[in-house]
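Note sheet for the following structure.
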Amino acid sequence: MGRKKSVILIGVGGVGKTTLVWRLIGLSLTPAATRRPGVYRIYYDGKLYELVDVPGQAAFEIAQAVASSPTFFFDRALLVYDLTREDTLHALYEIVDRLCLFKKCLSAAEVWVVGNKRDLAERYGVEYDADPASLGARRLEKISALYDPAYELARLLP
């Protein structure tokens, strides 16, 4: 089976991090707001994944939670924002900046930016695009954590 793959989800509250995790583990319920970090272990396509869901309050607290995470290196970091809310995109820049202030810049083999709520962006005709390189990320993926099939969401896993 090989070693487990670790993925951390980072972003402010309300962007859909926990919804994404729940969809990946097969739950169809809408989760309540995340109050403390959660670690979820799932098997997918013959591999074990550890998903770390960091609660999203203010950028300072998020950076502090990530810096104190028990996992020091992640196979992939997903920087999640709401495609319809520019403030959630700006928050990612602040979080990344603050992480480096804690002397622990994000330690991940790959960093991806994930624009969530594609369904709302299409419905309302409002979409804020991220520049992945400016966040130290390899790529930008746009999803709907609520409506995309789990097998499509699984492409976010390393």
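Quick notes on this structure:
- By the beta-carbon count within 10 Å of each Cβ, the least crowded to most crowded order of Val80, Val114, Val21, fewest first, is Val21, Val114, Val80.
- Per-residue Cβ neighbour rank within 10 angstrom, fewest leading, Ser134, Ser144: Ser134, Ser144
- Arg138 paired with Arg155, simple spin-label distance in nm, labels 7 Å along Cα-to-beta-carbon: 1.5
- Net charge, Leu157 excluded, C-beta distance under 10 Å - Lys, Arg +1, Asp, Glu -1: +2
- Under Karplus coefficients 6.51, -1.76 and 1.60, residue-wise ³J(HN,Hα) of the range 76-92 in Hz, glycine/proline x: 8, 10, 10, 8, 9, 9, 8, 4, 9, 10, 4, 4, 6, 6, 4, 4, 4
Throughout, read-outs are computed from the coordinates displayed, never taken from laboratory work. Because the structure is predicted, anything quoted here is derived from the model rather than measured. Cβ: placed from backbone, ideal geometry, glycine included. Neighbour counts: every protein chain shown.
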